[in-house]
Amino acid sequence: MSTVTIGIAGLEDVKRRTRDAFRGKRQGAFITFASHELLLKTVTAKRWALLQVMAGKGPLGIRRLARMVERDVKSVHRDVHIMLKAGLLDAAEDAKVEFPYDTIHVDFLLKAA
């Protein structure tokens, strides 16, 4: 089973993980955002639902994905392309897209302003 951690990380955290990876320390899969505002703007509730449906399913066409989440194709197409740009999804053959993980771990801490 492959798990991705989606969270918030500053530049120093990313640099630290990169240094550790170059030293041979296993890091796992991460998708990080610079702020919680950016994460919430990019991964809306409907996009979370898409990720959840896609987890572990392999490459899917947008029409099939729209049927799976009971949404219109145009909206799913827009959301898929936003997530492709953000690096959350991978483009696959035959105009399909893939979320290449089986499970999602969400990790971030919110502090008082």
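The values are calculated or read from the model by the stated rules, or taken from the named source; none is laboratory data. Since the model is a prediction, treat every value here as computed from it, not as a measurement. Reconstructed Cβ throughout: ideal geometry from the backbone, glycine too, with neighbour counts over all protein chains shown.
Taken as a whole, the stretch 81-91 holds at least one residue that is modelled with pLDDT under 95, within 13 Å of I31 (Cβ to Cβ), part of a loop (DSSP other than H, G, I, E, B) and touching a Ser or Thr at 6+ places or on another chain (Cβ under 9 Å). Condition check: basic (K, R), within 26 Å of I8 (Cα to Cα) and out of contact with any Asp or Glu (no Cβ under 8 Å at 6 or more places or on another chain). Does R78 satisfy that? Taking the combined requirement at face value, the residue satisfies it.
Are there any helices (runs of 4 or more DSSP H) wholly within the stretch 1-57 with 1 or more residues that are within 15 Å of the chain's Cα centre (by Cα), and if so which? It would help to see each step written out before you state the result.
Details: elements: 11-22, 36-42, 45-54.
Qualifying helices (runs of 4 or more DSSP H): 36-42, 45-54.
Checking each residue in the stretch 1-33 for being surrounded by 12 or more Cβ atoms within 10 Å (Cβ to Cβ), over 19 Å from D102 (Cα atoms) and among the β-branched types (V, I, T) picks out I8, V14. On the stretch given as the stretch 78-107, residues that are loosely packed, with under 15 Cβ neighbours inside 10 Å and of a type outside the set (D, E) total 11. Filtered by the rule that a residue be surrounded by fewer than 17 Cβ atoms within 10 Å (Cβ to Cβ), assigned to a helix (DSSP H, G or I) and without any contact (Cβ under 8 Å) to a residue 12 or more places away in the chain, the stretch 58-77 gives R63, R64, R67, V73, K74.
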